[in-house]
Amino acid sequence: MNPPQMLSNVILNHKFRYQSNAAFSGSILIGRMLTALGVCCTVTNTTAALLFKSFKLSSIEMWSPPASQGAAATISIEWLGSANSPSREFADTTLSVSRNAHVFCRPPQNSLASFWQNGNSGTALFSLNVPINTVIDVNVSYIENDDEAAPDTVAIATGVLGNTYYLALDHVGSDILIPVRLTTTI
């Protein structure tokens, strides 16, 4: 008997947590999602290389408290459609400090985010609208670069040569959606 065939790519799955340090309303791009999965500083204080080239979103879950009793907090995610599907938005609102606004959803069938993404592009996958202190969990599967072209790079303001960083979900735009308990830079 010969050894059985196998999938040789290294495929990882992880739940990344982010917290908004200000209100955020905007789109998350394919390229920004890739930088959030990890980069390695290749030129001190200027450039980092992406560690991954492909990913697929499994789910996103968010929680947000109101700023004070009697105030409202609304959070939403809009999954952007593709050629054969409409965009779909999921939202929740709370008026009580004893209950967070909460949204859990998976990319709808045939939305752009429901497919594997390959490469560093400026295409928007989904849009978020969240107030300050929103916690966002992103569950994602991703594949390590292996025997492919040189990795794409991204500009960073500070970085130590050879160190790994996990960038904000909105890196380059505003750096509001910061990873929780992971080394990051701007």
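Only the coordinates and a few stated rules stand behind these numbers; no lab work does. This one's a predicted model, so the numbers in the text were calculated from it and none came from an experiment. We place every Cβ from the backbone using ideal geometry, glycine too, and count neighbours over all the protein chains shown.
Considering only segment 63-80, state which residues are in a loop (DSSP other than H, G, I, E, B) and under 17 Å from the mean Cα position of the chain (by Cα).
Across segment 63-80, the qualifying residue is only 80.
Which count do you get for residues in segment 29-45 that are part of a loop (DSSP other than H, G, I, E, B) and either under 17 Å from the mean Cα position of the chain (by Cα) or acidic (Asp, Glu) (or both)?
2
State whether one or more residues within segment 90-105 are closer than 30 Å to residue 154 by Cα and in contact with a Leu (Cβ under 9 Å, 6 or more places away or on another chain).
no
With respect to residue 150, is the statement that it is in a loop (DSSP other than H, G, I, E, B) and under 13 Å from residue 38 (Cα atoms) true?
On the way: in a loop (DSSP other than H, G, I, E, B): yes; under 13 Å from residue 38 (Cα atoms): no.
Taking the combined requirement at face value, the residue does not satisfy it.
Can you spot a residue in segment 88-106 that is more than 18 Å from residue 134 (Cα to Cα) and part of a strand (DSSP E or B)?
yes
Pick out the one residue from 83, 22 that is within 20 Å of the chain's Cα centre (by Cα), among the hydrophobic types (A, V, I, L, M, F, W, C), farther than 23 Å from residue 142 by Cβ and in a loop (DSSP other than H, G, I, E, B). Working first, answer last.
Details: 83 fails: within 20 Å of the chain's Cα centre (by Cα).
Within the list 83, 22, the selection yields 22.
Going by what's in this entry, would residue 23 be described as farther than 20 Å from residue 146 by Cα, in contact with a Pro (Cβ under 6 Å, 6 or more places away or on another chain) and surrounded by 18 or more Cβ atoms within 10 Å (Cβ to Cβ)?
It is false that residue 23 is farther than 20 Å from residue 146 by Cα, in contact with a Pro (Cβ under 6 Å, 6 or more places away or on another chain) and surrounded by 18 or more Cβ atoms within 10 Å (Cβ to Cβ).
Of (1) farther than 16 Å from residue 172 by Cα; (2) touching a strand residue (DSSP E or B) at 6+ places or on another chain (Cβ under 6 Å); (3) part of a strand (DSSP E or B), residue 48 satisfies all except one. Which?
Among (1) farther than 16 Å from residue 172 by Cα; (2) touching a strand residue (DSSP E or B) at 6+ places or on another chain (Cβ under 6 Å); (3) part of a strand (DSSP E or B), residue 48 violates only (1).
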